[in-house]
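Input: a single structure, listed below in structure tokens.
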Amino acid sequence: MTNDPGLIRILTVDDHPLLRRGIAALVNAEPDMKLVAEASNGREAIAMFRLHRPDVTLMDLQMPDLGGTEAITSIRSEFPNARIIVLTTYTGDVQVLRALKTGAQGYVLKGHVHRELLETIRAVHAGQKRIPADVATELAEHTMDDALTTREIEVLRLIASGNANKQIADQLSIGEATVKSHVTNILSKLGANDRAHAVTIGLKRGIIDLHAS
């Protein structure tokens, strides 16, 4: 069977079979699109991309084995013209920025798939970038924020795991006074009232992820 040059060939990457099935039904009902392959994690995504060279890839961010951001980086380093749309539940500005910096050209929230996916696929295939309005607003809100340093993110992650300052100091081999100083900076930069509030903001914005290995 020869490939129809008019078809947008699509690879979908997600660890939830039900979602992949829904996307397959949505895509294959369109006269100008065809689902050519599926993958359930980042490693499979890279292998399937090499095999099928799709026109557009739909990539989840949170997956076992290898996450979406790493998979995008790997695919784009090998195929710089790869067109990738992030498909996720995350609106956090840090998650979005990370995906865009790795080379994603579109961002669709899973709750908006039926409303926005097909239009986004066509736009990205045509060389445009597409970010939903609410996600763009979230990005704009934090453009001027003072970003957390790598060490401050480490401290916030350890706070989220339930560690007290002394335990954090021991784990990072730094003084307790240094930890207190980091906590003060974290609260100030995030506009948080206390440690629990800082963790909530960190999770919402995608600065930390409790499921990350």
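Quick notes on this structure:
- Residue 188 passes every criterion in (1) in a helix (DSSP H, G or I); (2) surrounded by 13 or more Cβ atoms within 10 Å (Cβ to Cβ); (3) not assigned by TED's automatic domain parsing to the domain that holds residue 19 apart from (2).
- Residue list for segment 168-180, filter: of a type in the set (Ser, Thr, Tyr) and surrounded by 14 or more Cβ atoms within 10 Å (Cβ to Cβ): 178
- Only one of the numbered conditions (1) within 22 Å of residue 98 (Cβ to Cβ); (2) surrounded by 13 or more Cβ atoms within 10 Å (Cβ to Cβ) is violated by residue 78, and that is (2).
- Residue 80 falls short on exactly one of the conditions (1) modelled with pLDDT under 95; (2) over 21 Å from residue 123 (Cβ atoms), and that condition is (2).
The values are calculated or read from the model by the stated rules, or taken from the named source; none is laboratory data. Being a predicted model, the structure only gives us computed values, none of them experimental. With ideal geometry, Cβ positions are generated from the backbone for all residues, glycine too; neighbour counts draw on all protein chains shown.
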